[in-house]
Amino acid sequence: MNAIIEIGGSQYRVEKSDVINVPKINGNAGDEITLGKILAVDNEGNIRFGKPYLDGSISARIIGHDRGEKVIVFKKKRRKGYRVKNGHRQDLTQIEIADISVAE
């Protein structure tokens with residue numbers, strides 16, 4: 001069973017026992033969390049879409065927290081001598097999908 005879920009404004013396609021990196025979720029490593037924004041489910045060819053979400057939940061386990069790759073932000077205006085270089089690293093949480101349950 002595949003599902004498309006929404007976490008932190010981004011959409012992810014997940015299956016049971018998948019490990020994904022998502023924007024930071026409050027919690028400690030080993031905590032169980034419940035995700036409720038299920039957009040679509042594919043159950044062996046039976047595809048269902050939500051309007052906007054389906055009734056159901058996805059249980060997941062937090063594996064740990066990390067930081068993503070550094071992103072460089074460079075701004076420049078030509079002929080003005082204006083140049084600014086900034087960067088940041090996004091805080092991420094690694095989760096493992098434990099179970100997908102959707103109401104019929």
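Derivation of every value follows stated rules applied to the coordinates shown; laboratory data play no part. Note that this is a predicted model, so its numbers are computed, not measured. Positions of Cβ are generated from backbone atoms using ideal geometry, with glycine treated the same way; all protein chains shown enter the neighbour counts.
Worth pointing out:
- Placing unit charges on the Cβ atoms of the charged side chains and taking the dipole of the chain about its Cα centre, the candidate lying farthest along the positive direction among GLY64, SER17, SER101 is GLY64.
- Between ASP91 and ASN46, the C-beta separation translates, for a Förster distance of 35 Å, into a calculated FRET efficiency of about 0.40.
- With R₀ fixed at 22 Å, the C-beta to C-beta distance from GLU104 to ASP18 puts the FRET efficiency at about 0.45.
- For q = 0.15, 0.19, 0.24 Å⁻¹, Debye-computed log10 I/I(0) when each Cα of segment 21-67 counts as one equal scatterer: -0.52, -0.72, -0.88
- Each part reduced to its alpha carbon centroid, segment 70-104 and segment 1-23 end up 17 Å apart.
- Whole-number D in µm²/s for the chain (Stokes-Einstein; Kirkwood sum over Cα pairs; 25 °C, 0.890 mPa s): 156 µm²/s
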